[in-house]
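See below for the structure under consideration.
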Amino acid sequence: MGTRDWDVVVVGSVNADLVVGVDRRPAPGETVLGSDLATHPGGKGANQAVAAARLGARAGLVGRVGDDGHGELLRRALAADGVDLAHLVTTPGAPTGVALITVGPDGDNSIIVSPGANARLGPDDVAAARAMIAGASVVSFQLEVPLPAVEAAARVAAGAGGRIVLNLSPPAPVPDELLARCDPLVVNEHEAAYLLGEGAPRDPRAMAAELAGSGPRSVVVTLGADGAVVADGTAPGAAAPIRIASPEAEAVDTTGAGDAFTAALCLRLARGDALPDAARYAARAGAAAVRRAGAQSSFPTPDDLPPPPAGL
Ligand code: RIB
């Protein structure tokens, strides 16, 4: 294993989030009125890079933006948080990725992503970023960029002894070779059910145990306000999944909370925490991120983190 110049390198998406608050979502063929439009920096990849950097990580991002105003906004936001952008490529003639987001009265969100430049990220970009990917303690992926780029980068990271974290969002089929490198695979209950298919258990512990037995080195099933379940197939005697509680938080907007969780998890894994301890820290970051509007605008510094829930 060589020198690690980065704690966390994210290979992933960069989106402008176009957000409207609604009392309720329209049914097909229906029109509803919403709030003023807000434009925030987002994208699961960029969100994770910013969240990790804000918590103190040396973070880098491998991704693509378009040659437009949204691309500039996102680049500025990432730079302001100190994310290394040496491998954030501007793509002439492509629009920056956009996420159309509605936020309901309970802070819940629905998202449609138009990938734009994100869809142009490929193995050539990974080859250009090889030194950064190989120099990371943890390399983090989601599925808003093409799978060939993810697979190529995971191969580089694995070859260099880096730890691979994959958030299966949005859910899509992934090859067994990639799944076997995940340590952990991070999924919410919907994504877990997608992977497990028909007959999937409903109990999150059973889901985590079944997923851990199906390929990944370890699994984290996130449960929003209810915390997470961790199944670490590599820890001695760790067959039984562990439940992690989340601090209580009043939800204003849950957009990006999962990204804050995963970024915090990556940072603590990079610093040497065991997976359950990293997940306890991550739950505090996820809880902090629901208290404010937007994705990156809601991410905590270490001082903003709520204390761990009592008794843990
Ligand atoms: O996870 C939240 C993110 O998903 C948003 O920022 C949006 O860009 C979509 O990628």
Only residues that are within 12 Å of the ligand (Cβ to nearest atom), open to solvent by less than 20 Å² (accessible area, probe 1.4 Å) and more than 22 Å from residue 122 (Cα to Cα): list them for region 4-18, please.
17
Any idea which residue in region 134-157 is nearest to the chain's Cα centre (by Cα), counting only those that are of a type outside the set (D, E, K, R) and closer than 15 Å to residue 119 by Cβ?
142
Out of all the residues in region 228-237, is one or more in a loop (DSSP other than H, G, I, E, B), among the aliphatic types (A, V, I, L, M) and touching a residue at least 40 places away in the same chain (Cβ under 8 Å)?
yes
If residue 164 meets every condition in (1) part of a strand (DSSP E or B); (2) away from the ligand (no atom under 16 Å from the Cβ); (3) in contact with a Gly (Cβ under 7 Å, 6 or more places away or on another chain); (4) of a type outside the set (Lys, Arg) apart from one, which number is that one?
(3)
Of the conditions (1) surrounded by fewer than 18 Cβ atoms within 10 Å (Cβ to Cβ); (2) within 30 Å of residue 292 (Cβ to Cβ); (3) at pLDDT below 95; (4) not aliphatic (A, V, I, L, M), residue 253 fails just one. Which one is it?
(1)
Just one of (1) surrounded by fewer than 23 Cβ atoms within 10 Å (Cβ to Cβ); (2) in contact (Cβ under 8 Å) with a residue 24 or more places away in the chain trips up residue 202, so point out which.
(2)
Looking at residue 172, is it touching a Gly at 6+ places or on another chain (Cβ under 6 Å) and farther than 18 Å from residue 223 by Cβ?
no
Could you please give the count of residues in region 256-272 that are open to solvent by 40 Å² or more (accessible area, probe 1.4 Å) and either more than 15 Å from the ligand (Cβ to nearest atom) or touching a His at 6+ places or on another chain (Cβ under 8 Å) (or both)?
3
Meets criteria (assigned to a loop (DSSP other than H, G, I, E, B), at pLDDT 95 or above, within 16 Å of the ligand (Cβ to nearest atom) and out of contact with any Cys (no Cβ under 7 Å at 6 or more places or on another chain)) for residue 35
no
Residue by residue through region 38-69, note down the ones that are open to solvent by 10 Å² or more (accessible area, probe 1.4 Å), within 12 Å of the ligand (Cβ to nearest atom) and not in a strand (DSSP E or B).
44
Can you tell me which of (1) more than 30 Å from residue 291 (Cβ to Cβ); (2) within 15 Å of the ligand (Cβ to nearest atom); (3) not in a helix (DSSP H, G or I) is the one residue 93 doesn't meet?
(2)
Criterion: at negative phi, modelled with pLDDT of 95 or more and part of a loop (DSSP other than H, G, I, E, B) - qualifying residue of 17, 23:
23
Give the residue, chosen from 289, 235, that is touching a helix residue (DSSP H, G or I) at 6+ places or on another chain (Cβ under 8 Å), at pLDDT below 95 and either open to solvent by less than 40 Å² (accessible area, probe 1.4 Å) or more than 18 Å from residue 77 (Cβ to Cβ) (or both).
235
Which numbered condition in (1) modelled with pLDDT of 95 or more; (2) surrounded by fewer than 23 Cβ atoms within 10 Å (Cβ to Cβ); (3) closer than 21 Å to residue 290 by Cα; (4) in contact with a Ser or Thr (Cβ under 7 Å, 6 or more places away or on another chain) is the only one that residue 109 fails?
(1)
Among the listed residues 144, 177, 151, identify the single one that is in a loop (DSSP other than H, G, I, E, B), of a type outside the set (Phe, Trp, Tyr) and open to solvent by 20 Å² or more (accessible area, probe 1.4 Å).
144
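The values are calculated or read from the model by the stated rules, or taken from the named source; none is laboratory data. Please read these numbers as outputs of a predicted model, since none were measured by experiment. All Cβ positions, even for glycine, are placed from backbone atoms using ideal geometry, and neighbour counts span all protein chains on display. In case anyone asks, the SASA skips ligands and DNA or RNA and just uses the protein heavy atoms, side chains included. Shrake-Rupley method; radii C 1.70, N 1.55, O 1.52, S 1.80 Å.
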